[in-house]
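*Asks:* Pasting a structure here, questions to come.
Throughout, read-outs are computed from the coordinates displayed, never taken from laboratory work. As the structure is a prediction and not an experimental result, all values here were calculated from the model. Cβ sites come from the backbone with ideal geometry, for glycine too, and all protein chains shown count toward neighbours.
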Amino acid sequence: MAWWIPFNKLRDRQTRYINEMLKSVRTGNKTVYWVQGFAGTGKTTVLANLAVKLRADRKSLGIRETYCFITYTHAMKELIKKTFVAENKGFINIQTHTKFLKDQKTYDFVFLDEVQDISPNDLNRIKALSNFLFIAGDCEQSIYQGSAEENQIDEIFKPNKLVFTEILRLTKSMRDLAKKILPDSRINEGSPENTNGDNTPLIVEFDSEASEFSWIADNAVQRAAPGSPSCILFTHHSDIKKFFYQIYKSQNISPAGPFEDVNLNDHNTKLDYRQVNGYFKRHKLPYRYLGNSFGELDESDKQPIVFIMTYHSSKGLDFDTVYVPQLTINKQIVLPHVLEKSPGLHQRLLFVAVTRSRKDLFLTYSGKAPHKYITDLPAGSYEKIENPHLIDDDEEDDWDIF
């Protein structure tokens, strides 16, 4: 996971904004700063670097203070924790916002990531427990019911907004594709500055879901490397259950362990992910569920790992290679009763999913037609291929992209 960039390698605007916030603290100004920007603009990197610089600045004055970095998801918490440990910065407490509010402890400095995913009531409570508060987030990526809208965040914090427009993660093609999925997004105003080149997203059609899952499982392993895990994103836990079950069956391993008596038609019961991860590890298979306190990012440092996540849990993370399967014409990204309460949530969720990739993005489906959100895409924003699993390996062709 290569998201962390040390201060001396940040962009000019990033260092300028960090220095502005440092100066504000030095003068005793307790104005809340809101680090804003499109998906992939480095908001979390800036927030984390600010914490490190603030700590060094205050420590040089002989001041003893408390620091807390708040995330929304457990997966993001583990990423932040891993980074601070690697940088030998053990001064800061790292918590999910629910744990922070449960503890009811006041901190001198609080750094709140993904502010747009938290309810107005919880934001007020976080504010009351913070002496100095810095927030980051993008309201276009709001994906939780009851979360605060931008005008509510403005009303609660009256923040000074620092806006980033340089998109460091996405290629131009990925940006254009994301804009098509979420037309109201302003991401097209951002300037793609991904140094990996303009890799074009691939839309891949399969003749069956079984073929789709099999190809993704194999291809994701091929593309994973130590320090560069692949990631496969699903909408629902029932879909993850089907995917994991197919891997289990294809490997002919026994005993069945967590897959014994699995009911694929039961959409309300999740697999025991702790057991599943342990099972695959024992059988030397590289697949791991990541999210909800399950899975460890550290495991991918020294070996190729394929992380399987929900769209929700992937929020804030990025990977070199990302797969978004099951984008069939009749796919329900959000269940109807949820969509009634949160119109547009299906588009925002898919928007989040397709903006997780730094290099390669695969959008896959089986059947005769893809989902409406990946049809009529802008020319040049994607390439399409069909049934790559049927290609004869002995043929001389241009399928080296696999």
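*Asks:* Dividing the alpha-carbon Rg of segment 304-392 by 2.2 N^0.38 Å yields what?
*Replies:* Dividing the Cα Rg of segment 304-392 by 2.2 N^0.38 Å gives 1.17.
*Asks:* Contour minus end-to-end for Asn19 and Thr106, with contour as 0.36 nm per residue of separation and end-to-end as the Cα-Cα distance?
*Replies:* Full-extension gain reported as 28.8 nm.
*Asks:* Please report the spacing between the Cα centers of segment 15-76 and segment 104-175 in Å, no decimals.
*Replies:* Each part's Cα centre sits 13 Å from the other's.
*Asks:* Right, here's the next one. What FRET efficiency would be calculated for the residue pair Asn8, Ser250, taking the C-beta separation as r and a Förster radius of 35 Å, to the nearest 0.05?
*Replies:* 0.15
*Asks:* Placing +1 on the Cβ of each Lys and Arg and -1 on the Cβ of each Asp and Glu in the chain, which of Ile305, Ile181, Asn93 has its Cα farthest towards the positive end of the resulting dipole?
*Replies:* Asn93
*Asks:* OK, next. Between the alpha-carbon centers of segment 292-355 and segment 177-209, tell me the distance in whole angstrom.
*Replies:* Centre-to-centre distance over Cα atoms comes out at 15 Å.
*Asks:* So if R0 is 51 Å, what FRET efficiency would Glu383 and Phe91 give, r being the distance between their Cβ atoms, rounded to the nearest 0.05?
*Replies:* 0.60
*Asks:* Next question, about the same structure. Go from 0 up to the bin containing the longest alpha carbon distance in segment 250-402, width 5 Å each, and give me the % of pairs per bin.
*Replies:* 2, 6, 13, 16, 19, 18, 15, 8, 3, 1, 0
*Asks:* Modelled label-to-label distance, Asn263 and Ser211, 7 Å Cα→beta-carbon offset: nm?
*Replies:* 3.2 nm
*Asks:* Moving to a separate point now. Calculate, in nm to one decimal, what Val163 and Glu299 gain on full extension: separation in residues at 0.36 nm each, minus their alpha carbon distance.
*Replies:* Going from the current span to full extension adds 45.6 nm.
*Asks:* How large is Rg over Rh for segment 64-196, taking Rg from the Cα atoms and Rh as the Kirkwood inverse mean of 1/r across Cα pairs?
*Replies:* Looking at segment 64-196, the ratio lands at 1.00.
*Asks:* Something else: Figure the gain on full extension for Ala369 and Val221 (residue separation times 0.36 nm, minus the Cα-Cα span) and round it to one decimal in nm.
*Replies:* So the chain would gain 50.6 nm between Ala369 and Val221.
*Asks:* Here is a follow-up. Could you line up Ile5, Ile308 from fewest to most neighbouring Cβ atoms inside 10 Å?
*Replies:* Listed from fewest to most nearby Cβ atoms, that is Ile5, Ile308.
*Asks:* Okay, next question. What is the pair-distance distribution P(r) of segment 2-67, computed from all Cα-Cα distances in 5 Å bins starting at 0, with each bin given as a whole percent?
*Replies:* Reading the bins upward from 0: 3, 16, 28, 26, 16, 9, 2, 0.
*Asks:* Return the Cα extents of segment 160-271 along principal axes one, two and three, sorted largest first, each rounded to a whole Å.
*Replies:* Result, largest extent first: 54, 32, 31 Å.
*Asks:* Helix 12-26 versus the longest principal axis of the chain: what angle, 0 to 90°, nearest 10, using Cα atoms?
*Replies:* The helix 12-26 is inclined about 40 degrees to the chain.
*Asks:* In degrees, nearest 10, range 0 to 90: what is the angle between the Cα axis of helix 345-354 and the longest Cα principal axis of the chain?
*Replies:* 80 degrees
*Asks:* For the chain, give me the percentage of DSSP beta bridges that are antiparallel, rounded to the nearest 5 percent.
*Replies:* For the chain, the DSSP antiparallel bridge percentage is about 5.
*Asks:* Apply the a/c threshold of 1.5 to the C-alpha gyration tensor of segment 253-308 and tell me whether it is rounded, prolate or oblate.
*Replies:* In terms of gyration-tensor shape, oblate.
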